[in-house]
Amino acid sequence: MTDSGSGPASASVSDVLAGVQIVDCDAHFTEPPDLWTSRVAAARKDEMPVQRTVDGATAWYLDDRLWCAIGGNTIEQGRRKVLGEHIIQPWERIDAAAWDVSERLNLMDDMGIHTAVIYPNAVGFSSNHIFAIEDPMKRAEVLRLFNDFYVDLQKESDERLLPQAMLPVWDMDFTVNEMERLMREGMRGFILSDKPQLMGLPELDDDYYAPMWSLANDSGAVINFHIGSGASRVVKDDTQELSKKLARPADTGQSEPFWGSLYWDSFGPQRRLAVLATLSYMSNARIIVNLCMGDLFDRYPNLKIASAESGIGWIPFILEAMEYQLDEMVTDPEERSIQRRRPTDYFRDHIYVMFWFEHLGPQKMLEDIGVDNILVETDVPHPTCVYPGARERFAKAMDHLDRSVVKRVLQDNAAELYNIDLSK
């Protein structure tokens, strides 16, 4: 593994990261063109999602309709990151490391990354587009085949790529069966939408989800919440048009009127994207606050939650605000009795957050957040990915810290959370 990119001199980077095997806790693997068609009989290929290039733009189609974009890809052939773009088009321009296992492992070696926790790309970060398939039989098959692909991905990479599987939470029996099946195959965790109500389902603390939470609690499987997940069929239709205007995948989980209220109409598409990206990093505040203000962790005391691509700089304020507002606002004895512990206690014992491009958070806030609660990510191959020069950036952000802290944040927390064998 080599050091590359700008930052501290190679020797100082090596000193800061000596003995550390970096675990990237949020990277995206772009869905290859034959993901679904290679897993069904030839006569049924037309029933599955297929990739097509129309007028120079590659996208996924289902039932002869545009289904979703090809996902955020900013590293083109030759391993060059393209700034100012979100979706390199057409498909042939994308570097194979986005979707080929061998090439991705080579890229990780070049970046100095030992293991990468993998999330979807084109299909959204929590079954977004799969939930929009109206035929329940087809929806179930598309999801199951996607998870089969993830099983193969983990095995082919010799467990250096650890995909987090999708859950069909519209059917709780199916969800539990899928969790059990995938854990038998060695999968470590699952991704959920933090907004199931947008799909007509109960909120996550409802008894409906008890079998899912119980299984995660008892098995040690990680439940991951990635920003930008969860949407209804109507919202998906709205964002199809918005994604064309912004040249970005329709995975935001919000309709055009909502997003339009977040940026000034005078902004161009690149500046709009920058505004949306900046604001989206803190969108997981909702799930973190609700988890720490409720009793879910009392009911499931072994549950572990990861907040992906959400940054860490805002976490100290949220923790402080929860503590203050609990005392200021929740005075009724019956309401007070819902929780056995303080919000910060729940956070410390159950929730992990991660940084990538930040310097302020890792330099000044680690103790306030909790050293044992922090992970690191690269977000490859998305627009905000720290590529090239991930090692240099991490070393610069952490060069003032004790070696044991650096190792814990960049390696040990993730290895313990996802049960990673670092000897591979």
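Some notes on this structure:
- What the Cβ-Cβ distance of ARG341 and ASP55 gives, at R0 = 56 Å and to the nearest 0.05, is a FRET efficiency of 0.50.
- Taking PHE267, PHE29, PHE125 as the candidate residues, the one with maximal mean-square fluctuation in a Gaussian network model of the chain, Cα springs under 10 Å, is PHE267.
- Unit charges on C-beta of K, R, D, E only; dipole of the stretch 10-417, Debye: 840 debye
- Computed from label points 7 Å out along Cα-Cβ, the spacing between HIS359 and SER404 is 2.8 nm.
- Among GLY228, GLY200, GLY72, the largest mean-square fluctuation in a Gaussian network model of the chain (Cα springs under 10 Å) belongs to GLY200.
- Once the Cα-Cα distance is subtracted from the 0.36 nm per residue extended length, the ASP135 to GLU103 segment shows a gain of 8.0 nm.
- Exceeding the 30 Å Cα-Cα cut-off - candidates LYS195/LYS364; LYS304/LYS364; LYS45/LYS195; LYS155/LYS304; LYS195/LYS407: LYS195/LYS364; LYS45/LYS195; LYS195/LYS407
- Largest mean-square fluctuation among SER404, SER14, SER310, in a Gaussian network model of the chain whose springs join Cα atoms under 10 Å apart, belongs to SER404.
- Cut-off 9 Å between beta-carbons: net charge of the residues surrounding LEU326, Lys and Arg +1, Asp and Glu -1: -1
- Projecting the Cα atoms of PHE146, SER214, MET108 onto the charge dipole of the stretch 103-223 (Cβ charges, centred on the Cα centre) puts MET108 farthest toward the positive pole.
- If you sort the three axes of the alpha carbon gyration tensor as a ≥ b ≥ c, you get a/c of 1.5 or more for the stretch 363-424 and a/b no higher than b/c, which makes it oblate.
- The ranking of MET111, MET183 from fewest to most other beta carbons within 10 Å of each one's beta carbon is MET183, MET111.
- For the pair PHE317 and SER38 in one chain, pulling the backbone fully straight at 0.36 nm per residue adds 95.6 nm over the alpha carbon distance.
- Ordering of 332-344, 271-283, 163-175 by packing is 163-175, 271-283, 332-344, highest average first (other Cβ atoms within 10 Å, averaged per residue).
- Counting beta carbons within 10 Å around each of CYS385, CYS25 and listing the fewest first gives the order CYS385, CYS25.
- Contour minus Cα-Cα distance for VAL330 and MET282 (0.36 nm per residue): 14.8 nm
- Dipole in debye (nearest 20) - the stretch 103-172, about Cα centre, beta carbon charges: Lys, Arg +1; Asp, Glu -1: 180 debye
- Mean separation of Cα pairs under 8 Å and 6 or more residues apart, divided by the residue count, gives the chain a relative contact order of 21 percent.
- Two numbers describe the Cα atoms of the stretch 10-417: Rg and Dmax, which are 20.7, 64 Å.
- In range of the label at GLN197: residues from the stretch 161-189 whose backbone nitrogen is under 20 Å from the point 7 Å along Cα→Cβ: 169-171
- Dipole of the chain [Lys/Arg +1, Asp/Glu -1 at C-beta], most positive-end residue of ASN419, TYR346, THR58: THR58
Each value in this text was obtained by applying a stated rule to the coordinates, not by laboratory testing. This structure is a prediction, so every number in the text was calculated from the model and none was measured. So basically every Cβ, Gly included, is an ideal-geometry build from the backbone, and we count neighbours across all protein chains shown.
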